[in-house]
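These notes are about the structure you will find just below.
The values are calculated or read from the model by the stated rules, or taken from the named source; none is laboratory data. None of these values were measured; they are calculated from a predicted model. Glycine gets a Cβ as well: all are built from the backbone with ideal geometry, and neighbour counts include every protein chain shown.
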Amino acid sequence: MIKLTKRQEEILNIVKTNGPITGKQIAEQLSLTRAALRSDLAILTMAGNLDARPRVGYFLNDDQVQQERAKKLVQQKVADYKAHPIVIQKSACVYDAIVQLFLEDVGTLYAVDSNGCLAGVVSRKDLLRTTIGKRSLYDLPVSVIMTRMPNIIMIEPNQTLYEAAKIMIENHIDSLPVVKKLDAKTHTYLVIGRITKTTITRVYIEMYSES
Ligand code: ADP
């Protein structure tokens with residue numbers, strides 16, 4: 001990959017937003033003559049950043065379009081895609097958790113304490129495991145079967161979807177609570193959203209479906 005000059009970057013940005021665009025129009029936008037741009041356009045075309053077609057003009061090379069999309073995908077913030085968190089009181093019984101899981105059509109519930117702070121995570125498998133045990137689903141509180149603090153893996157709104165995806169894959173989990181830190185020392189966090197593997201897949205599809 002060659003390092004582009006500032007002017008070449010400017011040309012690429014113009015083509016990215018306005019392409020296909022003629023050399024004359026690019027020159028006008030940069031207040032330069034067509035001749036002054038000739039070498040930059042030749043370099044960008046030879047390097048594979050741009051493609052040109054007679055009577056159509058310059059447009060982004062398809063590989064470049066894919067790279068731009070991938071770059072955009074990686075930069076998306078958790079804050080812009082987080083879904084509403086589905087929470088349950090940690091004192092609620094396992095039966096109620098199962099009902100809520102079905103009603104809300106989710107795979108994971110976030111258990112909160114009486115102050116509304118994140119206390120644990122209860123997933124499909126946690127609930128299934130309980131149903132094959134001998135204990136009464138009506139008497140057993142969620143707090144007994146959940147994965148609890150400080151072992152909860154979380155994400156913050158200013159982190160990227162790429163980071164969220166990597167964390168979920170590395171930890172073999174399907175969802176991450178999006179949290180606002182109240183006090184890290186005492187592990188007090190407010191749950192303000194959720195990111196799931198489905199969130200990531202949906203964004204991927206949306207971005208690659210853009211024309
Ligand atoms: P499933 O039970 O449907 O396979 P997961 O793969 O997400 O769902 O959960 C696997 C295990 O990891 C469960 O015991 C669950 O409590 C735990 N878990 C899920 N999400 C988290 C998380 N964000 N932090 C810590 N543990 C989690």
>> Being of a type outside the set (A, V, I, L, M), over 30 Å from residue 99 (Cβ atoms) and buried (at least 17 other Cβ atoms within 10 Å of the Cβ): is that true of residue 64 here?
In response: yes
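Tell me the residue from 111, 83, 119, 97 that is of a type outside the set (Asp, Glu), within 29 Å of residue 184 (Cβ to Cβ) and away from the ligand (no atom under 13 Å from the Cβ), please.
Working: 111 fails: away from the ligand (no atom under 13 Å from the Cβ); 119 fails: away from the ligand (no atom under 13 Å from the Cβ); 97 fails: away from the ligand (no atom under 13 Å from the Cβ).
None of the others qualify; the one that does is 83.
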> In this structure, does residue 44 turn out to be over 21 Å from residue 148 (Cα atoms) and of a type outside the set (Asp, Glu)?
Replying inline: yes
>> Quick check on residue 124: is it at pLDDT 95 or above and within 27 Å of the chain's Cα centre (by Cα)?
In response: yes
>> Cβ-Cβ under 7 Å, sequence separation 6+ or interchain: first residue in the stretch 134-146 and among the acidic types (Asp, Glu), partner more than 16 Å from the ligand (Cβ to nearest atom). Which pairs?
In response: 139/93
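Provide a single number: the residues in the stretch 155-199 that are aliphatic (A, V, I, L, M) and buried (at least 19 other Cβ atoms within 10 Å of the Cβ). Before the answer, list the steps.
Just the residues of the stretch 155-199 that are aliphatic (A, V, I, L, M), to begin with: 155, 161, 164-165, 167-169, 173, 176, 178-179, 182, 184, 190-192, 195.
After this cut, where a residue has to be buried (at least 19 other Cβ atoms within 10 Å of the Cβ) as well, the list is 155, 161, 164-165, 168, 176, 178-179, 191, 195.
Total meeting the criteria: 10.
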> What number of residues within the stretch 171-197 are more than 12 Å from the ligand (Cβ to nearest atom) and not acidic (Asp, Glu)?
Replying inline: 11
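Do we find a residue being more than 20 Å from the chain's Cα centre (by Cα), within 13 Å of the ligand (Cβ to nearest atom) and not β-branched (Val, Ile, Thr) anywhere in the stretch 157-170?
No; the residues of the stretch 157-170 include none that is more than 20 Å from the chain's Cα centre (by Cα), within 13 Å of the ligand (Cβ to nearest atom) and not β-branched (Val, Ile, Thr).
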>> Out of everything in the stretch 1-15 that is more than 14 Å from residue 28 (Cα to Cα) and aliphatic (A, V, I, L, M), what residue ends up being surrounded by the most Cβ atoms within 10 Å (Cβ to Cβ)?
In response: 12
>> Filter the stretch 122-139 down to the residues that are among the charged types (D, E, K, R) and within 11 Å of the ligand (Cβ to nearest atom) and list them by number.
In response: 124, 125, 126, 129
> Only one of (1) out of contact with any Gly (no Cβ under 9 Å at 6 or more places or on another chain); (2) in the same structural domain as residue 190 (by TED's automatic domain parsing); (3) at pLDDT 95 or above fails for residue 115. Which number is that?
Replying inline: (3)
